[in-house]
Every structure is written in C-alpha cells, then in structure tokens.
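Worksheet: the structure to be examined is printed underneath.
The values are calculated or read from the model by the stated rules, or taken from the named source; none is laboratory data. Everything quoted here is computed from the prediction, not taken from an experiment. Here the Cβ is made from the backbone with ideal geometry for all residues, glycine too, and neighbour counts use every protein chain on show. Areas reflect the complete protein model, heavy atoms only, side chains present, ligands, DNA and RNA absent. Shrake-Rupley method; radii C 1.70, N 1.55, O 1.52, S 1.80 Å.
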Amino acid sequence: MILFKQIEALKKHLAQISGSIGFVPTMGALHEGHLSLIEKSNSENDITVCSIFVNPLQFNNKEDLKKYPRTLPQDMTLLKEHNCDIVFAPNAEEIYKVDSDSVLDFNVGLLDTLFEGSLRPGHFKGVAIIVNKLFDIVKPKHAYFGLKDYQQCMLIDKLVTDLKLPVQLHFCPTLRESDGLAMSSRNARLSELARQSAPRIYECLNYAKANYRTKNITSIEEWCKSHLLEDALYTLEYFNIVNAETLMPIENSKEKAVALCAAFLDGVRLIDNLVLN
Ligand code: PAF
C-alpha cells in the first residue's frame, strides 16, 4: 500500500496504471462501513484508492470540524489489512492551493433547502466541490459511497449527472452495529449512556417500515418523534417520511418512500434513514 500526500505525485503514479481504478472517498476515522466499501471496490477493480481528507468546506460548524476524529495511523493499518492499494491523505493547503475550481458554482438545487441542506448551510456545496476535485485527481472508473448519508448520495448522483462525469457510482447499504445503530465515525464520541440510547433511532425507522402500509404518515412521524424524545438525551432535528427520489411529501402510496432522521444524542449529531417500500 502506498501513501500519497501530494496531488502531482499521485496523478503521476495513477497515470501509469492501465487497469480499472475503484475509489472510496472518506474523511478517515474508518469503521467497518468504510472497509466494506474498500472490499467491494477490491472485488470490482484492479486497484483501489482511498482518500482521507477532513474537508473544511463541508463543515458549517467550526466546533464540529475541530472535534472530527483524525486517526490516520489506525486508518492506515486498517486499509493495509483490507488490501487497499493507495491512500491519498492530503492536507487542506494541498487540496485548495490552486483556485481552478470549475464546480464552485455547482447548483445544488433543492437539496440545499431540504433536511441536511437547510440545517447545514453550505454543506452540500462543500461536498460537491471536494468530490469533484477528488474525481478529477483520481479519475476512477467506479466510486463507492455509503447510503447512510442518503442526501449526500443524491447530491453526488446529481453532480455526476449534471457535469457528465465519467464515473460509475455505487451507493452501498448502511452497515449497523448488532443493536441497529448505523456505523459512523461520530459514534466514537458517544458517552456510555448515550451509546445505550442510540438504538432508538433504528427502532423508529423500523417502526416506520412496519407501519407504513397501515397507518398514516403523520401518526407514524409523531410516534417516532415521541419515542426519541422520551429519552432526555435526545434533541430532534427531523424525523420525516418523504418521497425517496424527490424528498417531497408523499402524495400516494405507490411512491417510493424513505424515512429520514437527524438528532443530537447527548451533543453528538447522528443521521440515519430507511427506505420503507
Ligand atoms: O461522506 C464523507 O465522508 C464525505 O462527505 C466525503 C464524501 C468523503 C466528502 O468529503
């Protein structure tokens, strides 16, 4: 496994490779969810590149950026154990040194006004800029993302479609702990008490799935909100059931529906989702 910190060195190395490149962009603090993406990429490509970069542009909250776990040595060990070929771990100066950013004006559209977009102003624009930059550097044939970040997957799909980028996207199922908590780098910040409360989110998502056909949407949403808020460690941002393709309210039962949830659990922001039908 080779580690690159400089764009030009990585590009030079990749230019000599004739096989297919699979790419897993991450912000590090890797867990089994990321590693399953590495394994999928390994099985479908000649080489796998993983990037580790905590992208300041996608953090609207400075404290959150400061607290984001940075664990490069452990990440490197895990990536090596999972047969990743190349790690790209630049710093912010390296990534943002040249202002040749064709995507700075990328129109995130409605995604910027809904759920994560409205609660984290500028977040999706920041994600679009970095993912476009990374795709431009790595030039992957396939790229892999986790569906836990449901809206992010929609954004990346839009980015690739709108800019006609030559990459095939793979959105992969969320990996969960045995009690249902979605794997996330942020879970490491949960206190012992908060960790015990964490499965409530998945309980709500399952309740939504189990009752979607028989109960009305508002009553399901209300049940889920109260189930979370019964636990004093939770502050709810949203729990909504919406059209899985547009994120708009459901108008008829034939539409594909997704339940989306974001909540602070003892100060740690968690998001999760489940497609219901
Ligand atoms: O999902 C993430 O880890 C990040 O948003 C990504 C896609 C690596 C862009 O910084």
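Computed quantities for the displayed model
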item: Flag for L3 being away from the ligand (no atom under 16 Å from the Cβ), modelled with pLDDT of 95 or more, in a strand (DSSP E or B) and not basic (K, R); result: yes
item: Pairs where the first residue, in region 225-249, is among the charged types (D, E, K, R) and the second is open to solvent by 40 Å² or more (accessible area, probe 1.4 Å), C-beta under 7 Å, 6+ apart; result: K225/L236; D231/R200; E237/L119; E245/K256
item: Leading residue by the ranking (nearest to E94 (Cα to Cα)) among those in region 11-55 that are over 24 Å from the mean Cα position of the chain (by Cα) and in contact (Cβ under 8 Å) with a residue 60 or more places away in the chain; result: K11
item: Selected residue (criterion: farthest from the ligand (Cβ to nearest atom)) from residues of region 130-168 that are closer than 24 Å to D272 by Cα, open to solvent by less than 40 Å² (accessible area, probe 1.4 Å) and more than 12 Å from the chain's Cα centre (by Cα); result: V160
item: Hits in region 218-230 - residues which are buried (at least 16 other Cβ atoms within 10 Å of the Cβ) and either among the β-branched types (V, I, T) or under 15 Å from Q196 (Cα atoms) (or both); result: I220, H227, L228
item: Residues within region 17-54 that are among the hydroxyl-bearing types (S, T, Y) and open to solvent by less than 20 Å² (accessible area, probe 1.4 Å), tallied; result: 4
item: L205 vs. criteria surrounded by fewer than 16 Cβ atoms within 10 Å (Cβ to Cβ) and more than 16 Å from the ligand (Cβ to nearest atom); result: no
item: Selection status of N252, exposed (fewer than 14 other Cβ atoms within 10 Å of the Cβ) and either farther than 20 Å from A198 by Cβ or not acidic (D, E) (or both); result: yes
item: The listed residue being under 14 Å from Y234 (Cα atoms) and out of contact with any helix residue (DSSP H, G or I) (no Cβ under 6 Å at 6 or more places or on another chain), out of S197, S178, S184; result: S197
item: Test set (1) surrounded by fewer than 13 Cβ atoms within 10 Å (Cβ to Cβ); (2) part of a strand (DSSP E or B) - E245 fails condition number; result: (2)
item: Residue check for L65: part of a helix (DSSP H, G or I) and within 14 Å of the ligand (Cβ to nearest atom); result: yes
item: Region 16-58: number of residues that are among the aromatic types (F, W, Y), in a loop (DSSP other than H, G, I, E, B) and farther than 20 Å from E116 by Cβ; result: 0
item: Residue in region 170-188 that is surrounded by fewer than 13 Cβ atoms within 10 Å (Cβ to Cβ), within 16 Å of the ligand (Cβ to nearest atom) and of a type in the set (A, V, I, L, M, F, W, C) present; result: yes
item: Residue check, L14 open to solvent by less than 30 Å² (accessible area, probe 1.4 Å) and within 15 Å of the ligand (Cβ to nearest atom); result: no
item: Of all residues in region 111-129 being under 17 Å from F264 (Cα atoms) and within 12 Å of the ligand (Cβ to nearest atom), the one that is least open to solvent (accessible area, probe 1.4 Å); result: E116
